[in-house]
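To start, the structure itself, in structure tokens.
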Amino acid sequence: MSKLGFIGMGNMGYAMLKGTLKSFVPSEIVFSDADAKRMETVSNETGVESVASNAECVHRTKYVVLAVKPQFFDIVLEDIIDVVTPSHVIISIAPGITIANIKEKLGSDIRVVRAMPNTPALVGEGMTGVCYDKNDFSVEEQDNIRNIFEAIGKMKIVSEKNMSAVTCASGSSPAYVYMFIEALADGCVMCGMSRNDAYEFVAQTVLGSAKMVLETKRHPGVLKDMVCSPAGTTIQAVKELEEAGFRSALIKATEACYKKSEHID
């Protein structure tokens, strides 16, 4: 019997599967997907076995990651309702769908973990917010839940009421970071740098700046001030960003993301 199953091989399911292969061997994992060609491609690439149905995926495993979009969630729950048992650990990564929502469909005795990972899981640098009722899980099961998410990066236990905020902070925000990298690289190309060099310089700078925040524990504003010399190039650029509404745009984007996460149909 395999330990870990994935239902859904979209961007996030694939990123998680690839990430967990750093800590799990292929024989410990199975997956299912609605697209047979996609299953064949992923199996050939990873050595992980695909199975014919969502129900078989649940039947073959103990820990089941539901990596499907919210609009397909009810279909998947119908697929597995007859095979899921209280011994399973169901892990949902769908935004906007609560633990109570899932228990209502699968049964009040089904044990559910709600999580919000992000696509940097693909390279082992994901950030995942996780919530569950500790009373429902043994110490060993809690350790295994942690192992699954630490195999793809870092994880933090959060209150379920903050899961939509986690979606804003890490679930959706890689897209904004990629937009920032692309836009800044475009600016550097305009200034004469090659495209490849621009992406490398900018991406490494984003990586290093993030590590500065995490490792120095200094306020981002303090770190920003350290770069801004009086009457220098950086403070001139910061002035332009402020006039263009850089921070305000990010706050508005976060608010829109939060509202959508709270009210996903």
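The values are calculated or read from the model by the stated rules, or taken from the named source; none is laboratory data. Owing to the predicted nature of the structure, the values given are computational and were not obtained by experimental measurement. All Cβ positions, even for glycine, are placed from backbone atoms using ideal geometry, and neighbour counts span all protein chains on display.
Is it true that some residue in region 43-65 is on the phi > 0 side of the Ramachandran plot and more than 19 Å from the chain's Cα centre (by Cα)?
Scanning region 43-65 turns up at least one residue that is on the phi > 0 side of the Ramachandran plot and more than 19 Å from the chain's Cα centre (by Cα).
Please enumerate the residues belonging to region 36-53 that are part of a helix (DSSP H, G or I) and either without any contact (Cβ under 8 Å) to a residue 24 or more places away in the chain or of a type outside the set (Val, Ile, Thr) (or both).
Within region 36-53, 36, 37, 38, 39, 40, 41, 43, 44, 45 meet the criteria.
Please determine whether any residue of region 249-261 is among the basic types (Lys, Arg), in contact with a Pro (Cβ under 9 Å, 6 or more places away or on another chain) and either within 26 Å of residue 162 (Cβ to Cβ) or in the same structural domain as residue 182 (by TED's automatic domain parsing) (or both).
The answer is yes, given that some residue of region 249-261 is among the basic types (Lys, Arg), in contact with a Pro (Cβ under 9 Å, 6 or more places away or on another chain) and either within 26 Å of residue 162 (Cβ to Cβ) or in the same structural domain as residue 182 (by TED's automatic domain parsing) (or both).
Just one of (1) closer than 20 Å to residue 141 by Cβ; (2) touching a strand residue (DSSP E or B) at 6+ places or on another chain (Cβ under 6 Å) trips up residue 106, so point out which.
Status for residue 106: all satisfied but (2).
Mind listing whichever residues of region 165-175 are surrounded by fewer than 18 Cβ atoms within 10 Å (Cβ to Cβ) and either at pLDDT below 95 or within 12 Å of residue 95 (Cβ to Cβ) (or both)?
none
Pick from 159, 92, 87, 138: which is at pLDDT 95 or above, more than 14 Å from residue 63 (Cα to Cα) and of a type in the set (Gly, Ala, Ser)?
159
Looking only at region 128-141, decide whether some residue is within 13 Å of the chain's Cα centre (by Cα), farther than 16 Å from residue 94 by Cβ, buried (at least 20 other Cβ atoms within 10 Å of the Cβ) and not β-branched (Val, Ile, Thr).
Checking region 128-141: not a single residue is within 13 Å of the chain's Cα centre (by Cα), farther than 16 Å from residue 94 by Cβ, buried (at least 20 other Cβ atoms within 10 Å of the Cβ) and not β-branched (Val, Ile, Thr).
Could you tell me whether any residue of region 154-173 is touching an Asp or Glu at 6+ places or on another chain (Cβ under 9 Å) and not in a helix (DSSP H, G or I)?
Yes, the conditions are met somewhere in region 154-173.
Restricting to region 147-164, and then to whatever is touching a residue at least 12 places away in the same chain (Cβ under 8 Å) and more than 13 Å from the chain's Cα centre (by Cα), can you tell me which residue is farthest from residue 95 (Cα to Cα)?
So, considering only residues that are touching a residue at least 12 places away in the same chain (Cβ under 8 Å) and more than 13 Å from the chain's Cα centre (by Cα), the one farthest from residue 95 (Cα to Cα) is 147.
May I ask you to list the residues in region 217-262 that are farther than 30 Å from residue 70 by Cβ, of a type in the set (S, T, N, Q) and surrounded by 13 or more Cβ atoms within 10 Å (Cβ to Cβ)?
The answer is 234, and nothing else.
If you scan region 14-35, which residues turn out to be without any contact (Cβ under 8 Å) to a residue 60 or more places away in the chain and not hydrophobic (A, V, I, L, M, F, W, C)?
26, 27, 28, 32, 33, 35
Table: residues versus (1) touching a strand residue (DSSP E or B) at 6+ places or on another chain (Cβ under 6 Å); (2) outside any loop (DSSP other than H, G, I, E, B).
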residue	(1), (2)
56	no, yes
71	no, yes
91	yes, yes
95	no, no
114	yes, yes
129	yes, yes
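Could you please give the count of residues in region 13-50 that are surrounded by 20 or more Cβ atoms within 10 Å (Cβ to Cβ), within 14 Å of residue 76 (Cβ to Cβ) and either outside the structural domain of residue 81 (by TED's automatic domain parsing) or among the hydrophobic types (A, V, I, L, M, F, W, C) (or both)?
Residues in region 13-50 being surrounded by 20 or more Cβ atoms within 10 Å (Cβ to Cβ), within 14 Å of residue 76 (Cβ to Cβ) and either outside the structural domain of residue 81 (by TED's automatic domain parsing) or among the hydrophobic types (A, V, I, L, M, F, W, C) (or both): 1 in total.
How many of the residues making up region 1-35 are at positive phi and in a helix (DSSP H, G or I)?
Summing the residues that are at positive phi and in a helix (DSSP H, G or I) in region 1-35 gives 0.
Across region 98-125, what is the number of residues that are modelled with pLDDT under 95, surrounded by fewer than 20 Cβ atoms within 10 Å (Cβ to Cβ) and of a type in the set (A, V, I, L, M, F, W, C)?
Residues that pass the stated criteria total 2.
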